[in-house]
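**Student:** Submitted below is the structure of interest, expressed as structure tokens.
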Amino acid sequence: MKLLAIVLLFFLLNLNLYSQEKNLDKYSFKQMYSKLLHSNCDTIGYCSDSYKLKYQLDTTNLTNLYFNVLDTSFFKKIDTNIVIINENHLFPQNRVLIHKLINYFLADSNYYFFFEALNQDLYYNSIDTISIGKQYGFYLEEPQMAENIRLILNHHKNIYSYESTNKTVNWDKYNALGLSYKVSNRFITAFIKQTKSSSYYTSAMNIRDMNQFINFYQKYRVLKKKNTSAKFVIFCGWGHVVDNKRFAPEWFDLAYLIKKHITNPITIDISSLIDNCPHCKKSYERNKYYDKIIPILPNKNIFYSISRNNLKNYNLNTKIQASMSTDYLIYSPPIKYKNNRETWLQYDGKQAFLVDKKYYITNKRKKPVLKAYYKNENPKIATPADILYINKKEKNYFLLYKGKYDVYSNEKYIFTITIN
């Protein structure tokens, strides 16, 4: 188990390096989802018969354990002081679900939003945030991430950053915030010991997560003083959501640090049960139980959740590894298409807009690219709301939320769209 945790940790740390090498991030940012979907496995290199199911999953009792993520009972269960939700940075389907969850949190004025992806705080009343793009964080170049940021700002809510690139733990800041008094000396000793004795990757992650936590706590304390009813939702990547040490004993990740210093957060894993690497079912990147669960679900087109407590009640906790690490595990539906666009893009209310052929039929390019930008944003720096790869032999549809958009081709304005 310890070896498995180290291998998984190594994988999580290096995934972005692999993605940079093979341009997976660029596929994501440009909405080339089909290329992204089929490139992950080959790039990561775990596509072999040597990695097989550790457990034969008995799905008999699972049938009644899954529930629709849109069900109000799910929202009530996760409404708490601190909620931590992860994502697969290179799989934007996660972010469409997050867009839906953000709408829920926005209904409660007490929630404050934190994003690992941000490189600075964003304020809704600042002129600097009128155009959302990569200037505020690497992953904001991806259209679905940019939409989530816009959604919060448009509801007159600030958004806070907490990422850290420091090479050492800021213990002076930690002590000045009174954090050393919130945990035992044994905890701090264990953290320092593991950080010094573990591999470079584990050590680097411990330093990063501790500094992330310190940055979060500094803002958490200010916001709590301002609003005693304040609640917080944190969006992170992959394993930072893990809230117990059984998963990776040497890694003191963000969720675990929050649990030890402040409160036990609600943790939600969206990154494990997703439909990627379809041609490589035994890949490490694709959860081993994804294909086992599909047949038992009543509707294959929506997101479902299962709780760790339910798994424990049915003695299934050891059968689905990701459930050992978070309170809730989200199942993402298999990839399907409508009008040659992924159906998950329409999950949270986007509307299809048919593009008249006159806007591209005379374009000399075999497959012209059209980009829709919000009318109030600067297309030179903003992330487009949608990118459409034209197929001249078929009908072509933008998928957009309500609003006004200017459409560009080759950086030239073509026409305006209004979605009511």
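The values are calculated or read from the model by the stated rules, or taken from the named source; none is laboratory data. The structure displayed is predicted, hence computed values, not measured ones. Heads up, the Cβs are rebuilt from the backbone with ideal geometry, glycines too, and the neighbour counts pull from every protein chain shown.
Residue by residue, here is whether (1) within 30 Å of residue 242 (Cβ to Cβ); (2) of a type in the set (S, T, N, Q); (3) crowded, with 21+ Cβ neighbours inside 10 Å; (4) at pLDDT 85 or above holds:
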| residue | (1), (2), (3), (4) |
| --- | --- |
| 275 | yes, no, no, no |
| 292 | yes, no, no, no |
| 296 | yes, no, no, no |
| 304 | yes, no, yes, yes |
| 340 | no, yes, no, yes |
| 351 | no, yes, no, yes |
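Each row is one residue, and each column tells you yes or no for (1) at pLDDT below 80; (2) within 26 Å of residue 140 (Cα to Cα); (3) assigned by TED's automatic domain parsing to the domain that holds residue 139.
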| position | (1), (2), (3) |
| --- | --- |
| 19 | yes, yes, yes |
| 28 | no, yes, yes |
| 40 | yes, yes, yes |
| 60 | yes, no, yes |
| 72 | yes, no, yes |
| 81 | no, no, yes |
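**Student:** Would you check which residues across the range 129-141 are crowded, with 23+ Cβ neighbours inside 10 Å and in contact with a helix residue (DSSP H, G or I) (Cβ under 6 Å, 6 or more places away or on another chain) and list them?
**Tutor:** First, pick out the residues of the range 129-141 that are crowded, with 23+ Cβ neighbours inside 10 Å: 132, 136, 139-140.
Matches in the range 129-141: 132, 139, 140.
**Student:** Looking at (1) at pLDDT 95 or above; (2) more than 13 Å from the chain's Cα centre (by Cα); (3) surrounded by fewer than 23 Cβ atoms within 10 Å (Cβ to Cβ), find the lone condition where residue 103 falls short.
**Tutor:** It fails just one condition, (1).
**Student:** Looking only at residues in the range 179-196 that are of a type in the set (Ser, Thr, Tyr) and farther than 18 Å from residue 245 by Cα, which one is surrounded by the most Cβ atoms within 10 Å (Cβ to Cβ)?
**Tutor:** Residues of the range 179-196 that are of a type in the set (Ser, Thr, Tyr), as a first pass: 180-181, 184, 189, 195.
So of that shortlist, the ones also farther than 18 Å from residue 245 by Cα come out as 180-181.
On the way: 180: 15, 181: 8.
Top of the filtered list is 180.
**Student:** Going through 399, 370 one at a time, which residue ends up being without any contact (Cβ under 8 Å) to a residue 60 or more places away in the chain, under 28 Å from residue 94 (Cβ atoms) and in contact with a helix residue (DSSP H, G or I) (Cβ under 6 Å, 6 or more places away or on another chain)?
**Tutor:** 399
**Student:** Can you tell me which of 198, 203 is touching an Asp or Glu at 6+ places or on another chain (Cβ under 6 Å) and within 28 Å of residue 138 (Cβ to Cβ)? Working first, answer last.
**Tutor:** On the way: 203 fails: touching an Asp or Glu at 6+ places or on another chain (Cβ under 6 Å).
Criteria check complete, one pass: 198.
**Student:** Separate question: Could you check, for the range 348-359, whether at least one of its residues is part of a loop (DSSP other than H, G, I, E, B) and over 29 Å from residue 126 (Cβ atoms)? So that I can check it myself, show each step before the final result.
**Tutor:** Quick first cut of the range 348-359, residues part of a loop (DSSP other than H, G, I, E, B) only: 348-350, 355-356.
Imposing the further condition that a residue be over 29 Å from residue 126 (Cβ atoms) reduces the set to 355-356.
Yes, that holds for at least one residue.
**Student:** Here's a follow-up. Restricting to the range 106-132, what's the tally of residues that are over 30 Å from residue 72 (Cβ atoms) and either in a strand (DSSP E or B) or within 17 Å of the chain's Cα centre (by Cα) (or both)?
**Tutor:** Residues meeting the conditions: 1.
**Student:** So if I check each of 135, 144, which one is in contact with a Pro (Cβ under 8 Å, 6 or more places away or on another chain), at pLDDT 95 or above and not in a loop (DSSP other than H, G, I, E, B)? So that I can check it myself, show each step before the final result.
**Tutor:** Values: 135 fails: in contact with a Pro (Cβ under 8 Å, 6 or more places away or on another chain).
Testing whether each residue is in contact with a Pro (Cβ under 8 Å, 6 or more places away or on another chain), at pLDDT 95 or above and not in a loop (DSSP other than H, G, I, E, B) leaves just 144.
**Student:** If you don't mind, another one. Name every residue in the range 217-254 that is within 18 Å of the chain's Cα centre (by Cα), of a type in the set (Phe, Trp, Tyr) and surrounded by fewer than 24 Cβ atoms within 10 Å (Cβ to Cβ), in order of residue number.
**Tutor:** Taking the range 217-254 as the starting set, the residues that turn out to be within 18 Å of the chain's Cα centre (by Cα) are 232-243, 253-254.
Checking which are of a type in the set (Phe, Trp, Tyr) leaves us with 232, 235, 238.
If the condition is that a residue be within 18 Å of the chain's Cα centre (by Cα), of a type in the set (Phe, Trp, Tyr) and surrounded by fewer than 24 Cβ atoms within 10 Å (Cβ to Cβ), then 238 is the only one that fits.
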